[in-house]
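A quick write-up on the structure given underneath.
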Amino acid sequence: MKLFFKKLLYLIVMLFIISLISFIAINAAPNSFFASGELNPNITPEAIEELKAIYGLDKPLYIQFFSWIFSILNLDFGISFASGVKVKDEILSRINVTLTINIISMFLIFIISLYFGIKAAMSQNGFFDRFTKQLSLLSFSMPSFYLALILVLVFSIKFELFPIAGLHSVKNDGSFEYYLDFAWHLALPIFIIVFGGIGSLILYIRALTLEILKSDYIFFAKARGLSQKTILRYYILPNLYPPVITLLGLSLPGVIGGSVILETIFSIDGMGLLFYQSALSHDYPVIMGILIIGAFLTLLGNIIADLVLLKLNPNYNEK
């Protein structure tokens, strides 16, 4: 219970700090949605001032900030400048897609990195180890947007194996074909996220596994005649889970941030594309709402990672 309240306090404080920094950064931006000529070349300064009064932008910045904070406590992120729709409704209509992509990607990154990292360490300096190191080097040196463009050109345009953009090609009738089509549209984006995320993690797991294999308890386990499978299950994996899960929790911001680029390239109607469109139109309520939701999901992911570590090791206690 003490750990729960500690994590809850951490979440609240960090969200407040992130909100303050985001608010200051956005209001310091040189352009504005209500700048003269942005809405309509013929709009009068009086009309702009009236619009600012409607949205509360005529008040001092500190009043705007605390009004916005109190609105967030009621799960009210304001109204979009561009569409006139509630920001909460805009985000809720798209968050499922982004969460689906990122949850599947994180799971695959975890499984693939564990497999390649452990197998590379257990066949040190062998063919698989050399192959894995080259794969990892290619992974973290390849920009995701560049890889996305190459895959679209090759597999979507030239060979027409995958859809170029969007989420669906068939009507939503709840059939197996519909969900298969949905998965087919997400295949390339998820592959790109996974490929970009496994590189450094594979090398990290490989290095950890090599250190574990040099330990005394592994030596005595082998001396007792235990099989490689038993050593892997009871000696290597339990020692790998805590640092790997911690690293995955820390990598959440990068994975969520990468959604902006990929959703824009593949025209996926998720939070990333909404953020990009809002940034172009200076739709600040939507930008702020997405930043806070993204920060909340990232912090929540880190807290879940800590709770998983506590479950795996009851003696674990973050200082």
Check your understanding: Taking only the alpha-carbon positions of the stretch 200-242 and ignoring solvent, what does the Debye formula give for the base-10 log of I(q)/I(0) at q = 0.21, 0.24 Å⁻¹?
Key -> -0.65, -0.81
Check your understanding: In straight Cα distance, which aspartates and glutamates are under 19 Å from Lys214, not counting same-chain residues fewer than 8 positions off?
Key -> Asp129
Review point. Tell me, what % of the accessible area of the stretch 68-157 is carbon and sulfur with a 1.4 angstrom probe?
Key: 72 percent
Review point. Given (1) 44, 27, 16; (2) 50, 21, 18; (3) 51, 24, 15, which label gives semi-axes √(5λ) of the Cα gyration tensor in Å as computed from the coordinates?
Key: (1)
Exercise for review: May I ask you to list the lysines whose Cα is less than 28 Å away from that of Lys7, ignoring any residue fewer than eight positions away on the same chain?
Suggested key: Lys88, Lys311, Lys319
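Report the charge-dipole magnitude of the chain in Debye, nearest 20, computed about the Cα centre from +1 at each Lys and Arg Cβ and -1 at each Asp and Glu Cβ.
Working: 21 positive and 20 negative charges, 385 e Å.
So the magnitude is around 1860 debye.
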Review point. What size of dipole, in debye to the nearest 20, comes out for the stretch 140-292 about its Cα centre when the only charges are +1 on Lys and Arg C-beta atoms and -1 on Asp and Glu C-beta atoms?
Key: 920 debye
**Study point:** Percent of Cα-Cα distances greater than 16 Å, calculated over the stretch 155-216
**Key:** 62 percent
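Kindly sort Lys6, Lys88, Lys311 by accessible area of their heavy atoms, largest first, with the probe set to 1.4 Å.
Values: Lys6 100, Lys88 75, Lys311 170 Å².
So the residues, ranked largest to smallest area, are Lys311, Lys6, Lys88.
Using the heavy atoms of the protein chains alone and a 1.4 angstrom probe, what is the accessible area of the stretch 106-159 per residue in square angstrom?
Values: 3210 Å² over 54 residues.
Ligands and nucleic acids excluded, the figure is 59 Å² per residue.
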Exercise for review: Find which of Phe110, Leu15, His185 sits farthest along the positive direction of the dipole of the chain, computed with +1 on the beta-carbon of Lys and Arg, -1 on that of Asp and Glu, about the Cα centre.
Suggested key: Phe110
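Filter the DSSP H helices in the chain by two things, a Kyte-Doolittle mean of at least 0.5 and an axial alpha-carbon span of 30 angstrom or more, and list the hits by number.
Numbers: long enough: 2-27 (38 Å, 1.95); 87-122 (51 Å, 1.34); 176-213 (47 Å, 1.46); 284-312 (42 Å, 2.01).
In the chain, the long hydrophobic H runs are 2-27, 87-122, 176-213, 284-312.
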Revision key, fill the gap. Scattering profile of the stretch 64-218 from the Debye formula, Cα beads only, expressed as log10 I(q)/I(0) at q = 0.11, 0.19 Å⁻¹, is -0.68, -1.13
Check your understanding: For the stretch 243-287, which whole percent of the accessible surface, found with a 1.4 angstrom probe, sits on carbon and sulfur atoms?
Key -> 75 percent
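Using a 1.4 angstrom probe, figure out how much accessible area the stretch 210-285 has per residue, in square angstrom, rounded to the nearest whole.
Numbers: 4000 Å² over 76 residues.
Ligands and nucleic acids excluded, the figure is 53 Å² per residue.
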Check your understanding: What accessible surface, in Å², does a 1.4 Å probe find on Leu149, ignoring ligands, DNA and RNA and rounding to the nearest 10?
Key -> 90 Å²
Review point. Among Gly258, Phe176, Ser136, whose Cα lies farthest out toward the positive end of the dipole of the stretch 115-263, if unit charges sit on the beta carbon of Lys, Arg (+1) and Asp, Glu (-1)?
Key: Ser136
Review point. Pick from Ala25, Ala82, Ala295: which residue has the top mean-square fluctuation in a GNM of the chain where Cα pairs under 10 Å get a spring?
Key: Ala25
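Evaluate the charge dipole of the stretch 34-139 about its Cα centre and quote only its size in Debye, nearest 20, assuming +1 on the Cβ of each Lys and Arg and -1 on the Cβ of each Asp and Glu. Could you put the intermediate results ahead of the total?
Working: 8 positive and 9 negative charges, 166 e Å.
Dipole magnitude for the stretch 34-139 comes out near 800 debye.
The values are calculated or read from the model by the stated rules, or taken from the named source; none is laboratory data. What you see is a predicted model; the values in this text were computed from it and never measured. No Cβ is skipped: glycine too gets one built from the backbone with ideal geometry, and neighbour counts run over all protein chains shown. Ligands, DNA and RNA are excluded from the accessible area calculation, which covers all protein heavy atoms including side chains. Shrake-Rupley method; radii C 1.70, N 1.55, O 1.52, S 1.80 Å.
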